[in-house]
Each structure stands twice: as structure tokens, then as C-alpha cells.
Amino acid sequence: MAQVEPASNPQINTLAMLSPQESDYLLHTLNDSAMAHSQDQRIDELFAAQALQSPDNIALVFGDKELSYRDVNEQANQLGHYLSAQGIERETLVGICLERSPKVIVAMLAILKAGAAYVPLDPACAQERLQHIVAETGLRHILTDSGLIAPLAG
């Protein structure tokens, strides 16, 4: 009985689906997302600049809620001013213990606008863990919702 030699055809998994030009276009042209921006600007300043440039563009989508750059920036400015009035200043640590929502982004930007730094506190963590983080960081200020206060209390 004669043996059949396998054909010298390449295996299907080695065949190119795209031409070299198409591959280069997808990998290099469309994937070129580098942006030049000043290295001396903070993220809150860059966000505020974007809000001035395109205030009505959608900045944040959460479920069926959409917020424009203007909306997010105005809310962050309002909260940032409030935090400053409460004595939050440069190098102050401020905790954020909120469920995932647009409030988290607004809180982060507001804290940065006040010149402070934020410490994320996951409300899903065990009460002992949250209390440990609060104690270790010396947090005196925490942005949270009223329903999340009890686990933070020491």
C-alpha cells in the first residue's frame, strides 16, 4: 500500500489574513494615539483645559447617565472650593469612599483642584481593613455617602 505524502501546502493557521500594508495600517497608523502635552500640568488642569475646549462633549458615561466636560468640571470646581473652605490644602490626604459612580471622578478631580491628594477606600473592603487604612494614613477628611460612614468609624 502506498503512503500519501502530506501536501506542501501551509497550514491554515499560518496564512496571513491581512496584507502587509493592511497590517501596518492597523498596527501603526490607527494605533498611533500618543499625544503631546505639557509635563508640568496636573490632570485636573488638563481636564479643565479640555472642558474649555469642548464643554458640551461627553466626558463621562455611567449606565444611562452622561455628563459633559462642563458638568464634571463645574461639579469638581464646586466641591474643590468647598474642600478648600474646609481647610483642605496642599499635601492634605483626603479619603474617597464611594460606590462606583460619576461621584468618584468628580471627587478625585475636586481633591486635586484643592491641591490635595486622594486615598481610595473601597467600600467593599472589610471594616477592619478600611479602619486600618484610615489610621495608617492619618486621614482626617473622607468624602463618602451617609450609608458608608459606619464602616469607616473607628
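Assorted remarks:
- Some residue of segment 117-133 being open to solvent by 50 Å² or more (accessible area, probe 1.4 Å) and in contact (Cβ under 8 Å) with a residue 40 or more places away in the chain: no
- Under the condition of being of a type in the set (Gly, Ala, Ser) and touching an Asp or Glu at 6+ places or on another chain (Cβ under 9 Å), the residues counted in segment 59-73 number 2.
- Verdict on Gln21 being surrounded by fewer than 19 Cβ atoms within 10 Å (Cβ to Cβ) and either under 18 Å from the mean Cα position of the chain (by Cα) or at pLDDT below 90 (or both): no
- Odd one out for Ile58, checked against (1) within 26 Å of Val94 (Cβ to Cβ); (2) surrounded by 11 or more Cβ atoms within 10 Å (Cβ to Cβ); (3) at pLDDT 90 or above: (1)
The rows are residues; the columns are (1) touching a helix residue (DSSP H, G or I) at 6+ places or on another chain (Cβ under 6 Å); (2) modelled with pLDDT of 95 or more; (3) polar (S, T, N, Q); (4) within 13 Å of Phe47 (Cα to Cα).
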site: Ser68; (1), (2), (3), (4): no, yes, yes, yes
site: Ser101; (1), (2), (3), (4): no, no, yes, no
site: Val106; (1), (2), (3), (4): yes, yes, no, yes
site: Lys113; (1), (2), (3), (4): yes, yes, no, yes
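- Just one of the listed residues (Ala59, Ala76) is within 18 Å of the chain's Cα centre (by Cα) and in a strand (DSSP E or B), and it is Ala59.
- Filtered residues of segment 28-50 (kept if under 25 Å from the mean Cα position of the chain (by Cα) and in a helix (DSSP H, G or I)): Ile43, Asp44, Glu45, Leu46, Phe47, Ala48, Ala49, Gln50
- Selection count where residues are open to solvent by 50 Å² or more (accessible area, probe 1.4 Å), touching a residue at least 24 places away in the same chain (Cβ under 8 Å) and either part of a helix (DSSP H, G or I) or in contact with a Ser or Thr (Cβ under 9 Å, 6 or more places away or on another chain) (or both), scope segment 83-102: 2
The values are calculated or read from the model by the stated rules, or taken from the named source; none is laboratory data. Model, not experiment: these values are computed from the prediction. Cβ sites come from the backbone with ideal geometry, for glycine too, and all protein chains shown count toward neighbours. Note: areas computed on protein heavy atoms with side chains; ligands, DNA, RNA excluded. Shrake-Rupley method; radii C 1.70, N 1.55, O 1.52, S 1.80 Å.
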